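Shown next, in structure tokens, is the structure this report addresses.
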Amino acid sequence: RSSTPGDPIRFAVLNAAGTTAKGAELVVRTLDELSRRGFARRFRLSVHGWVGPHVRARLAAHPSVELWGEYRSDQLDSVLENVDVGLLPSVWEEVYGFVGLEFMAKGIPVIGNDRGGIPEYVRPGETGWLNRSCSATELADLMIQAIEDPDEVQRLARSILGLRRE
């Protein structure tokens, strides 16, 4: 994986667009917020995994979204190859949220909701950003920070690689 962020910044979700609990509606509301603020074409969002019918049309209509569909675990390394920032938009109390760890194992910083075990490894300034309110407004704010400061994305990626043993 390249340690230099893409232009535009490339975000991804893994299995987050299938259900409300995993964050499907939060992602859609965040995309609406980013569009409202003029950021609709300043990033890419790759959506991997099953997409619920309740959000499919809204995701597909957004100019920055790419729907990739389901993937196998042996494809994960290549799925994450061009991702700069992982999103963990789960709105329920994830016991641990393994998707975030999958991003970080690849050296990808994470924007995660402050739920369950996610804050145990998504540490602001070290491994990513925490969406403390778990709201679309704050998630959009954090995504904009990443869009506007790719050097910080790169610094966090290096920090994650340095923390691997931990």
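Among the residues of region 46-89 satisfying the criterion of being over 23 Å from Ala146 (Cα atoms) and of a type in the set (Ser, Thr, Tyr), which is modelled with the lowest pLDDT?
Going through the qualifying residues, I end up with Ser73.
Specify which of the listed residues (Val55, Val13, Val65, Val27) is surrounded by 15 or more Cβ atoms within 10 Å (Cβ to Cβ), under 16 Å from Ala136 (Cβ atoms) and more than 16 Å from the chain's Cα centre (by Cα).
Step by step, each of Val55, Val13, Val65, Val27 is checked, and only Val55 is surrounded by 15 or more Cβ atoms within 10 Å (Cβ to Cβ), under 16 Å from Ala136 (Cβ atoms) and more than 16 Å from the chain's Cα centre (by Cα).
So if I check each of Trp50, Trp92, which one is among the aromatic types (Phe, Trp, Tyr), open to solvent by 10 Å² or more (accessible area, probe 1.4 Å), free of Cβ contacts under 8 Å to residues at least 60 places away in the same chain and more than 26 Å from Gly162 (Cβ to Cβ)?
Trp50
Can you name the residue in region 68-89 that is polar (S, T, N, Q) and free of Cβ contacts under 8 Å to residues at least 24 places away in the same chain and is also most open to solvent (accessible area, probe 1.4 Å) among such residues?
The qualifying residue most open to solvent (accessible area, probe 1.4 Å) is Ser73.
Has region 99-117 got any residue that is over 23 Å from Gly6 (Cα atoms), out of contact with any Asp or Glu (no Cβ under 7 Å at 6 or more places or on another chain), β-branched (Val, Ile, Thr) and touching a residue at least 40 places away in the same chain (Cβ under 8 Å)?
No, region 99-117 contains no residue that is over 23 Å from Gly6 (Cα atoms), out of contact with any Asp or Glu (no Cβ under 7 Å at 6 or more places or on another chain), β-branched (Val, Ile, Thr) and touching a residue at least 40 places away in the same chain (Cβ under 8 Å).
The values are calculated or read from the model by the stated rules, or taken from the named source; none is laboratory data. Note that the structure is a prediction, hence the values are computed from the model and not measured. Here Cβ is always computed from backbone atoms with ideal geometry, including for glycine, and neighbour counts include all displayed protein chains. Just the protein is used for accessible areas: all its heavy atoms, side chains included, with ligands, DNA and RNA removed. Shrake-Rupley method; radii C 1.70, N 1.55, O 1.52, S 1.80 Å.
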